[in-house]
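These notes are about the structure you will find just below.
The values are calculated or read from the model by the stated rules, or taken from the named source; none is laboratory data. What you are looking at is a predicted structure, and each value in this text was computed from that prediction instead of being measured. Cβ placement follows ideal geometry from the backbone for every residue including glycine, while neighbour counts extend to all protein chains displayed.
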Amino acid sequence: MEITEDNLKTLSNYLLQTLDPNPDVRRPSEKFLESVEANKNYPILLLNLIHLPNADPTIKVAGAITFKNYVKRNWPLSEEGVDKIHAEDREQIKVLIVDIMLTSPPAIQKQLSDAINIIGRTDFPRKWPTLLSHMIEKFQTGDFHVINGILQTAHSIFKRYRFEFKSQVLWEEIKFVLDEFSKPLTELFTATHGLISTHAANPQALKVIYSSLLLILKIFYSLNFQDLPEFFEDNIELWMKLSHELLVADIKGLESDNDNEPGVIDELKAQIINNVQMYAQKYDEEFRPYLPGFVTDVWNLLVTTGLQPKYDAVVSGALQFLSTVAERDHYKYLFENPEVLSSICEKVIIPNIHFREMDEELFEDNPEEYIRRDIEGSDIETRRRAACDLVKILAIHFDEQVSKIFSQFVQRMLDEYSASADKWRQKDTALYIVTCLAERGSTNKHGVTKTCSMVNLGDFANMSILPELTKDVNASPVIKADCIKYLIKFRSVLPPQMLQQAVPALIQHCTAKAIVVHTYAACALEKMMIVRHNGVLVIDQQVLTPFAGDLLKGLFGIFNIPGSEENDYAMKAIMRSFSTLKETVVPFLGEILPTLNQKLMEAAKNPKKPHFNHYLFETLVLSIKTVCDKNPGNVVSFEEALFPAFQIILQKDVQEFVPYVMQLLSMMLELHPDISGPYMDLYPCLLSPAIWERTGNVKGLSRLIRAYIKKASIEQFKDQLKLPAILGVFQKLISMKSSDHEGFAIMQTMMKHCPNDLLEPFIKQIFLLLFQRLTSSKTTKYIKCIIVFFCFFALRYGATEFIDLVDSIQPMMFSMILEKLLVPDTQKIDGKTERRIAVVGLSKFLCEGKQLKEGQYVAQWPVLLNVLTNLVELPVDESTHPEDHYVDVETITGYEGSYNELVYVGQPQEDFIKGMVDTSLCSQLASSLSANQQQQLKMYFL
């Protein structure tokens, strides 16, 4: 693909068509561009088009996005090590991209900066050592469009230092960056700060300057995150002095006119607070001289900053900074004065905990976001959460004083609410404070597990929580939500009878109009069903059965309320109810199953709620299991109801649902004595190579194929199961590091259930494929799988036959298997079933392997015996092979429906070596083993 004017014009036309709203125009163009990605010069052609001065700006932006996506898909090598980009193109991209990025308008600059970041993840600094020096040169231009482009790119590359695990490779990279970048960054910080006074009367220039300072301070945060670099320690005075000046600056022209959007000066102050908090937390000794000054600055900010949402990042950061300081024993003196404590509580904490109008708007207009913040923990950056954290920290050091101060506020606010229901905000604040004070430790599964002795949670619930839940479900919805949240949060520490008494009220609140209220009610019911007191479920089948009808009616009724048609919490509560009620739910299934089926059909049209979808499938699984537990034949009724929906999902290739459908089909087929007609009609589709391409399908498909193999008759093996196609699937699976274990599972199932005469012609080819993969890519997982497979083969077909087979491929190959695999790696095998197969299989080799007993491998018999005794006596060897690596999720290209295992489906129960275990092998080996070894060995034969 040459860089010619005609090719540039053709590329422009296709890019323009990718923006067409008509899918019949758009999709062919997208497919064409993907089809030419592998051509040499394709990415260079894209960069040249982006750089053309007279090209249509819309096409140039489309080209930049296409280029970024091309880099994202192709720059990292594939799992098989295939390079989809020509080596010359890789080098040429690195030469061109920085300069093109810097001379492009902001929309294109952002896309190319992201592309540089993607390339940097794999190539910087070892394969791209000139990147930083090339970028640093641009600081001298004085052009802030160029400088900000460099800073944005540097921020994108260095940001990952905040999240990476410590490693030698990381330290080397950071050292390289610090050596190159620290001094120029500091000089740029000083010079840019100096421009503030020069352009003090020019708001537009100040905005650009402050944007640069913001990026500089973000980079400073990233470079200092892992450890305190020597350069920045030496220059801490300069950085803290200038940061202090920026923090206290008050430039009205840089504030946002929009109350919801922060201005650049607010973003800058929030970043400075993040930086000093990091120093206070990580580098206390070096930062100590500067801390009191910043505490004063932050305090002044807190008491003078308004309640508008645009200041939220500054305020929450400031509160977190105070929490960090208050946490340290040697800074207690800053807070121990009663007047200071009272002032903090009254002037800082209470105002920032108070329920604002924007919170009410969120509650009513965006309930999903409100729920995420309020009970899912995504409120980490909010004022309320930061204020709550400060309360908890202060309570650790000054428990009695803080409790006394807040108890006065709480009582006063509760009294105000009692006098007038219009004062509901006061009760909301009171409940929030009580929750903050009472909580001392919690987990996601159990809620609060440790509490403050100064707050009697049961008494408070009786006085202020439960009475509220007896009122009209639609009155004071925020308070209703708060009260239910109290039960959710403290479910593990409240008296069991209180939770049981709350069940009818919570069921009633499933009918509330407010989405937050009925969602919290469903959430509370679900979480209370897994609470245990002294090891016993508080809400068990016996407790729940009297309410079963109302419970299911209330939960399913939630789906009829606008905005809750696919309510995650309601579906999870239904799933948990089915699990708790067990057979009690059966009388209701006649009415419920059509509703579930309808929900499945609706969700399949647009699967936008992954949690809802998962719980829906889990509920279907529970329905089938509950009904078919005692009578597997009832599965036919479910197949008649669900197959039409499954057929649509598979025909339309609903990627998110296909893995779930495979699991349900597997479970239902396993309940059958044989393979019925509808399953046989589906079977050819399961062997299509395309369906195996998606990693999310593989595990479910593998289990389904194994179910077919287990249930097939001899005639079906001969005529319908298409053994060559199954072997093709096996070949594909074992070639991939992520799915090789599934290939082994299919083949072992084949060897156990398929008639020998049908499989025998393929055996040698199977082994050739296994050895080919072993030679090309030897991971620990693959080694463990192949050793277990060899042992299984010996049990199924005989040890002598195994040795003859491998030696027919290459003379004396069994000796190599013993030396290169069995001796060094058998001890790595883990898993009860796998170790059992290995132990019994090795025993088979030792007792029945003719070549080991009297043939060319006699000298190897003691070596193999030592492998066996180590396996039964010693712990698992957890060392890994040098070729082991894990796929970085960020390198996975495009969307793929992920595999989410349905918990209630469970694993198929099958003893893989049933009928193959010869207990006499133990006695045959007895004379060669110690008494302890004999005893250990016998355990594997039971």
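Would you check if there is a residue in the range 755-766 being in the same structural domain as G855 (by TED's automatic domain parsing) and touching a Lys or Arg at 6+ places or on another chain (Cβ under 9 Å)?
So far as the range 755-766 goes, no, none of its residues is in the same structural domain as G855 (by TED's automatic domain parsing) and touching a Lys or Arg at 6+ places or on another chain (Cβ under 9 Å).
Does any residue in the range 158-178 that is touching a residue at least 24 places away in the same chain (Cβ under 8 Å) and within 14 Å of F124 (Cα to Cα) come within less than 6 Å, Cβ to Cβ, of a residue that is surrounded by 12 or more Cβ atoms within 10 Å (Cβ to Cβ) and among the aromatic types (F, W, Y) six or more places away or on a different chain, and which pairs are these?
If the second residue must be surrounded by 12 or more Cβ atoms within 10 Å (Cβ to Cβ) and among the aromatic types (F, W, Y), the pairs left are Y161/F225.
Working only within the range 399-441, note down all residues that are farther than 18 Å from I465 by Cβ, modelled with pLDDT under 90 and not in a helix (DSSP H, G or I).
R440, G441, listed by residue number.
Taking into account only those residues within the range 1-54 that are in a loop (DSSP other than H, G, I, E, B) and among the charged types (D, E, K, R), which is farthest from Q111 (Cα to Cα)?
It comes out as E2.
Count, please, the residues in the range 744-761 that happen to be buried (at least 17 other Cβ atoms within 10 Å of the Cβ) and free of Cβ contacts under 8 Å to residues at least 60 places away in the same chain.
Residues meeting the conditions: 9.
Looking only at the range 924-942, count every residue that is exposed (fewer than 13 other Cβ atoms within 10 Å of the Cβ) and within 26 Å of K752 (Cβ to Cβ) and tell me the total.
Summing the residues that are exposed (fewer than 13 other Cβ atoms within 10 Å of the Cβ) and within 26 Å of K752 (Cβ to Cβ) in the range 924-942 gives 2.
For the subset of the range 499-519 comprising residues that are not hydrophobic (A, V, I, L, M, F, W, C) and not in a helix (DSSP H, G or I), which member is surrounded by the fewest Cβ atoms within 10 Å (Cβ to Cβ)?
Once the filter is applied, the top-ranked residue is K513.
How many residues, within the range 778-829, are not in a helix (DSSP H, G or I) and not polar (S, T, N, Q)?
Counting residues in the range 778-829 that are not in a helix (DSSP H, G or I) and not polar (S, T, N, Q) gives 5.
Hey, among A461, A421, A475, which residue is buried (at least 16 other Cβ atoms within 10 Å of the Cβ) and of a type in the set (A, V, I, L, M)?
A461
Looking at I380, I375, which one is at pLDDT below 90, closer than 23 Å to F321 by Cα and out of contact with any Gly (no Cβ under 8 Å at 6 or more places or on another chain)?
Result: I380 is the single residue among I380, I375 that is at pLDDT below 90, closer than 23 Å to F321 by Cα and out of contact with any Gly (no Cβ under 8 Å at 6 or more places or on another chain).
Residue check: is T304 surrounded by fewer than 15 Cβ atoms within 10 Å (Cβ to Cβ) and either touching a Pro at 6+ places or on another chain (Cβ under 7 Å) or at pLDDT 85 or above (or both)?
yes
More than 32 Å from the chain's Cα centre (by Cα) and β-branched (V, I, T): does that describe I809?
yes
Among K183, K218, K159, which is the only one that is part of a helix (DSSP H, G or I), more than 34 Å from the chain's Cα centre (by Cα) and surrounded by 13 or more Cβ atoms within 10 Å (Cβ to Cβ)?
Testing whether each residue is part of a helix (DSSP H, G or I), more than 34 Å from the chain's Cα centre (by Cα) and surrounded by 13 or more Cβ atoms within 10 Å (Cβ to Cβ) leaves just K183.
Have a look at S167, S133, S113, S104 and point out the one that is at pLDDT below 95, small (G, A, S) and more than 23 Å from I44 (Cα to Cα).
Going through S167, S133, S113, S104 in turn, the sole match is S167.
Checking the conditions here, which among K72, K84 is surrounded by 12 or more Cβ atoms within 10 Å (Cβ to Cβ) and either in a loop (DSSP other than H, G, I, E, B) or touching a strand residue (DSSP E or B) at 6+ places or on another chain (Cβ under 7 Å) (or both)?
On inspection, the qualifying residue turns out to be K84.
Show the residue pairs meeting these rules: Cβ distance below 6 Å; 6+ apart or different chains; first residue within the range 370-398 and over 23 Å from E357 (Cα atoms) and in a helix (DSSP H, G or I); second residue among the acidic types (D, E) and modelled with pLDDT under 90.
That search, which allows pairs on different chains as well, returns I393/E327.
How many residues are in a helix (DSSP H, G or I) and touching a helix residue (DSSP H, G or I) at 6+ places or on another chain (Cβ under 7 Å) when one looks only at the range 442-465?
Counting residues in the range 442-465 that are in a helix (DSSP H, G or I) and touching a helix residue (DSSP H, G or I) at 6+ places or on another chain (Cβ under 7 Å) gives 6.
Residue-by-condition table, conditions (1) over 22 Å from V516 (Cβ atoms); (2) touching a residue at least 60 places away in the same chain (Cβ under 8 Å); (3) in contact with an Asp or Glu (Cβ under 6 Å, 6 or more places away or on another chain); (4) basic (K, R):
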{"residue": "D550", "(1), (2), (3), (4)": "no, no, no, no"}
{"residue": "K553", "(1), (2), (3), (4)": "no, no, no, yes"}
{"residue": "G563", "(1), (2), (3), (4)": "no, yes, no, no"}
{"residue": "E566", "(1), (2), (3), (4)": "no, no, no, no"}
{"residue": "K572", "(1), (2), (3), (4)": "no, no, yes, yes"}
{"residue": "S577", "(1), (2), (3), (4)": "no, no, no, no"}
{"residue": "L581", "(1), (2), (3), (4)": "yes, no, no, no"}
{"residue": "L593", "(1), (2), (3), (4)": "yes, no, no, no"}
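Take E368 and tell me if it is surrounded by 15 or more Cβ atoms within 10 Å (Cβ to Cβ) and more than 22 Å from S464 (Cα to Cα).
The answer is yes for E368.
Can you list residue pairs whose Cβ atoms sit under 9 Å apart, with the first residue in the range 818-844 being on the phi > 0 side of the Ramachandran plot and the second being β-branched (V, I, T) and modelled with pLDDT of 95 or more? Count only pairs 6 or more apart in sequence or on different chains.
Note: pairs meeting the criteria are G831/V788.
Take the residues of the range 336-364 that are more than 33 Å from the chain's Cα centre (by Cα) and hydrophobic (A, V, I, L, M, F, W, C): which is farthest from T429 (Cα to Cα)?
Looking at the filtered set, the residue picked out is V340.
In the range 520-548, how many are touching a residue at least 40 places away in the same chain (Cβ under 8 Å) and either part of a helix (DSSP H, G or I) or more than 20 Å from K445 (Cβ to Cβ) (or both)?
13
What is the one condition in (1) touching a residue at least 60 places away in the same chain (Cβ under 8 Å); (2) among the β-branched types (V, I, T); (3) closer than 24 Å to V448 by Cβ that V517 does not satisfy?
V517 satisfies all of (1) touching a residue at least 60 places away in the same chain (Cβ under 8 Å); (2) among the β-branched types (V, I, T); (3) closer than 24 Å to V448 by Cβ except (1).
Any chance the range 392-411 includes a residue that's under 19 Å from S476 (Cα atoms), surrounded by 19 or more Cβ atoms within 10 Å (Cβ to Cβ) and not polar (S, T, N, Q)?
yes
From the residues in the range 870-884 that are more than 35 Å from the chain's Cα centre (by Cα) and closer than 18 Å to K820 by Cα, which one is surrounded by the fewest Cβ atoms within 10 Å (Cβ to Cβ)?
Among those residues, the one meeting the criterion is N870.
Could you list all residues from the range 830-848 that are under 36 Å from the mean Cα position of the chain (by Cα) and assigned to a helix (DSSP H, G or I)?
Within the range 830-848, K832, T833, E834, R835, R836, I837, A838 qualify.
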